[in-house]
Amino acid sequence: MIPVLIIILVILALIGMPVFACILAAAMLGLFVEDISTAAIPIEMLRLASSPILMSIPLFTFAGYLLAEGGTSKRLIRFSKSLLGWMPGGLGVVALVSCAFFTAVTGATGITIIALGGLLFPSLIQEHYKENFSLGLVTTGGSLGLSFPPSLPVILYGYVSGVNIEQLFIAGFLPGALMLLLLCLFSVYTGKKLKIKTSPFSASELLSSFKEAIWEVPIPFLILAGIYSGFCTATEAASVIVVYILIIKTLVYKEICLITNLPRVIIESMKMVGGILIILGAALGLTNYLVDAFVPMTILEFMKGIVHTKLGFLLILNIFLIIVGCMMDIFSAILIVVPLIIPLAESFGIAPLHLGVVFLINLAIGYNTPPVGINLFIASARLKRSVLQLYSATLPFLIISIISLLIITYWPSLSTFLPGILK
Amino acid sequence: MISLLNKAELILGKIEKTLLIISFSMLVIFSFSNVILRALYTKFNIQFANTLLNSIDWSDPFARLMVLWVTFLGASLLTGDNKHIRIDFLGHFLSPSINIIREIILSIACIAVCGLMLHASVEYIKMEMEYSTSSIMGISAWKWQLIIPFGFCLITFRFFILFLKELFKLTGKKA
């Protein structure tokens, strides 16, 4: 009876049953086998209301949705264009940098391609970049900057793994920057090869575009400074930033009306939050069972039989996570996979911060990996191109991303260096 | 029958949205005032802020509780849109008619799971009513936790509506 139910559940999960329902079903099955009352699950779900860190998730998500309203994306592109547009492949670099920025402040919830892609893609085409290059660039941009503050996956990873979130943000900075840099170099190379005209640098345009975006561009740096100076925790920063963005959007830019559009923004963003946190709640119920049932230990015994070195383990982890990343969204993946991986990584002597960075960057790449990476479908819908075309368009970017992933994976001090000196 | 369901869904949606906006606003207001008051006291040593902070010592657990409310209300609204996070590589490749059958199977499974969870959370609340002593703002904790059974009830109902809608699609009627 039980094996049959497990098989049915796996099939349901694969044909698209909502992840939270799958996890709840698994948790109930587990408790049933152990002969424990299912009332244990709501007890675990209550932990959603016991952690200050989790408060930052609705707050940052709302802040991101608020920023996606109105002209922030336009101002951001204009500013980065005046700052970086003069170099060869300039607009490509502009696109990558503004996507990374936008992904970080909107918490990597898939808004980047929708908000920026529609603006950047036509302008890239207009400047005679090849269509496939432009498509790949914009699609890849959708998950770039995922390790920069205040990205939600980092917060969620910290919560699930118990790694200090502030430290994890510092650890993710250099690896994220490396990946951004490699992709920018590719854009510069392409710009040079295609001999694309660049716009000359203008100090007055830089100044005026900066003036226009002066309230928004500093947001990630304000959060960084607040957290790293020890002035506030990530959660405190979240609630301050929400009020700050509310003020600039309603009073300075006058793009949000408290009565007409604010309720819609709250509802849309909280649907997103509900979707993530209900999975977290379900996973809290399940991990308890997993820990009780020694599932991680069983996997560990198995893994130790096939790999013996740290490098071998990391390589398997990379491949495994890319597969996970292209099947599952990053939030479910963190909640389900992290508790299983941590004891393994510990026994292979991998630093928790390094593991976190590898995990997040790896899953970010999964977003763009054919056949089912979610960014490919978002971009296909938003930019009206076939998914098949996107497969080939993103390929060079995917290769560069994987090269940076390998560097990040096999060069641990890139992740652990900054947290070490800032301690 | 169909119009009645639509109406029920519409009214339900309005209640959920109103509650959601209230819960989130509470979350922002109380977490923000906590941060500001604490900063005023610890960084600038303003005594009044500390007094005020002590008089609203329930505000921090209350704000955290609102996370739970936001989660369930948001999740229920998301169910209505049929936009829950899922492993969805089949959806992009299936034909529309097979997709309807898939959705029907999935909604039945979800009704079963969430219905069982509704039962489990009612059991839990019954236990809490007997043994729990903690309270927030003078209201005992289990009353605040009613959002869990309430939430699962809403989600189950929404999956039921989804199920009916897909069923109507299959039989050719408009929902």
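Each residue, residue A:346 and residue A:264, gets one label point 7 Å from its Cα in the Cβ direction; the gap between the two is 4.8 nm. Against chain A, whose longest principal axis comes from its Cα atoms, helix A:387-410 is set at around 70 degrees. Between residue A:309 and residue A:421, residue separation times 0.36 nm minus the direct Cα-Cα distance comes to 37.5 nm.
Since only A:240, A:84, A:43 are under comparison, the one whose Cα sits farthest along the positive direction of the charge dipole of chain A, derived from C-beta charges on Lys, Arg, Asp and Glu, is A:84. The alpha carbons of segment B:51-175 stretch over 63, 30, 26 Å along the principal axes, in descending order.
Both radii come from the Cα set of segment A:242-395: Rg as radius of gyration, Rh as Kirkwood radius; their ratio Rg/Rh reads 1.09.
Measure nothing fancy, just the Cα-based angle from helix A:330-347's long axis to the longest principal axis of chain A, in degrees from 0 to 90, nearest 10. It works out to around 60 degrees. Between residue B:127 and residue B:60, the FRET efficiency estimated from the beta carbon spacing at R0 = 25 angstrom works out to 0.45. FRET efficiency for the residue B:167 to residue A:411 pair, using the beta carbon distance and R₀ = 51 Å, is estimated at 0.40. Averaging the Cα positions of each part gives two centres, and for segment A:190-251 and segment B:21-83 these lie 26 Å apart.
Pick out, in residue order, every one of the chymotrypsin sites (Phe, Trp or Tyr not before Pro) in segment A:37-125 that is DSSP loop and has at most 15 other C-beta atoms within 10 Å; say none if there are none.
Passing both the DSSP loop test and the Cβ count: A:86.
Just in segment A:347-396: which trypsin sites (Lys or Arg not before Pro) are loop by DSSP and have at most 10 other Cβ atoms within 10 Å?
Numbers: sites: A:382, A:384, A:385; in loops: A:384, A:385.
Answer by residue number: A:384.
Using 0.36 nm per residue, how much length does the chain from residue A:199 to residue A:255 gain when fully extended, once their Cα-Cα distance is taken away?
Working: separation 56, 0.36 × 56 = 20.16 nm, distance 3.00 nm.
The residue A:199-residue A:255 span can extend by a further 17.2 nm.
To the nearest 20 Debye, how big is the dipole of segment A:278-423 about its Cα centre, given +1 on the beta carbon of each Lys and Arg and -1 on that of each Asp and Glu?
Details: 6 positive and 4 negative charges, 95 e Å.
With Lys and Arg at +1 and Asp and Glu at -1, about 460 debye.
Determine the equivalent ellipsoid of the protein assembly as shown by diagonalising the alpha-carbon gyration tensor, then write out the semi-axes as square roots of 5 times the eigenvalues, largest first, rounded to whole Å. Working shown, then result.
Details: eigenvalues 267, 177, 141 Å².
Computed over the protein assembly as shown, the values are 37, 30, 27 Å.
Centroid-to-centroid, using Cα positions, segment A:82-113 and segment B:123-175 are 42 Å apart. Relative intensity of segment A:196-284 on a log10 scale, I(q)/I(0) at q = 0.10, 0.12, 0.23 Å⁻¹, equals -0.45, -0.61, -1.15, per a Debye sum over C-alpha point scatterers of equal strength in the absence of solvent.
Of the DSSP H helices in chain B, those that are both long (alpha-carbon extent of 15 Å or more along the helix axis) and hydrophobic (Kyte-Doolittle mean at least -0.5) are B:2-44, B:59-81, B:96-131, B:147-171.
Hand me the trypsin sites (Lys or Arg not before Pro) from segment B:6-87 located in a DSSP loop with no more than 14 other Cβ atoms within 10 Å, in residue order please.
Numbers: sites: B:7, B:14, B:17, B:38, B:43, B:64, B:83, B:86; in loops: B:83.
When the trypsin sites (Lys or Arg not before Pro) of segment B:6-87 are filtered for loop state and at most 14 Cβ neighbours within 10 Å, B:83 remain.
Remark: chain B carries a charge dipole of roughly 520 debye about the Cα centre, counting +1 on each Lys and Arg Cβ and -1 on each Asp and Glu Cβ. With the charge dipole of the protein assembly as shown set up from +1 on Lys and Arg Cβ and -1 on Asp and Glu Cβ about the Cα centre, the Cα lying farthest toward the positive end among the listed residues A:26, A:299, A:381 is that of A:381. Among the listed pairs B:14/B:83; A:384/B:14; A:211/B:43, those with a Cα-Cα distance over 26 Å are A:384/B:14; A:211/B:43. Here the spin labels are modelled as points 7 Å beyond Cα on the Cα-Cβ line, and at residue A:247 and residue A:388 they lie 5.5 nm apart. Mind telling me which of B:160, B:89, B:24 comes out most flexible in a GNM of chain B, alpha-carbon contacts under 10 Å? Among B:160, B:89, B:24, the largest GNM mean-square fluctuation belongs to B:89.
Amide H contacts of residue B:136: B:141, each under 5 Å away and 5 or more positions distant or on a separate chain (H built 1.01 Å from N in the peptide plane; Pro and chain starts excluded).
Couplings 3J(HN,Hα) for segment A:122-133, derived from phi with the Karplus relation 6.51 cos²θ - 1.76 cosθ + 1.60 (θ = phi - 60°), are x, 6, 5, 4, 4, 8, 6, 6, 5, 4, 5, 4 Hz, where x marks Gly and Pro. Only helices enter this figure: runs of n ≥ 4 DSSP H residues, each worth -39500 (n - 2.57), summed and divided by the residues of chain A, yield -24000 deg cm²/dmol at 222 nm to the nearest 500.
With the simple spin-label model, which puts each label point 7 Å out from Cα in the Cβ direction, the residue A:8 to residue A:192 separation comes to 6.2 nm.
Build a GNM of chain B with springs between Cα atoms under 10 Å apart, and of B:49, B:75, B:112 the one that fluctuates most is B:49. Projecting the Cα atoms of A:188, A:218, A:207 onto the dipole axis of segment A:170-222, where Lys and Arg carry +1 and Asp and Glu carry -1 at the beta carbon, places A:188 farthest toward the positive end. Computed from Cα positions, the angle between helix A:352-366 and the longest principal axis of chain A comes to roughly 70 degrees.
For the protein assembly as shown, a crude dipole built from +1 on the beta carbon of Lys and Arg and -1 on the beta carbon of Asp and Glu, taken about the Cα centre, is about 1800 debye to the nearest 20.
Chains B and A together bury some 4900 Å² of accessible area, summed over both sides, with a 1.4 Å probe. Residues whose amide H falls under 5 Å from that of residue B:86, counting only those 5 or more places apart or on a different chain, are A:19, with hydrogens built in the peptide plane.
The values are calculated or read from the model by the stated rules, or taken from the named source; none is laboratory data. On a predicted model such as this, the values are computed, not experimentally measured, just so you know. When we count neighbours, we look across all protein chains shown, and the Cβ atoms used for this are built from the backbone with ideal geometry, even at glycine. Areas reflect the complete protein model, heavy atoms only, side chains present, ligands, DNA and RNA absent. Shrake-Rupley method; radii C 1.70, N 1.55, O 1.52, S 1.80 Å.
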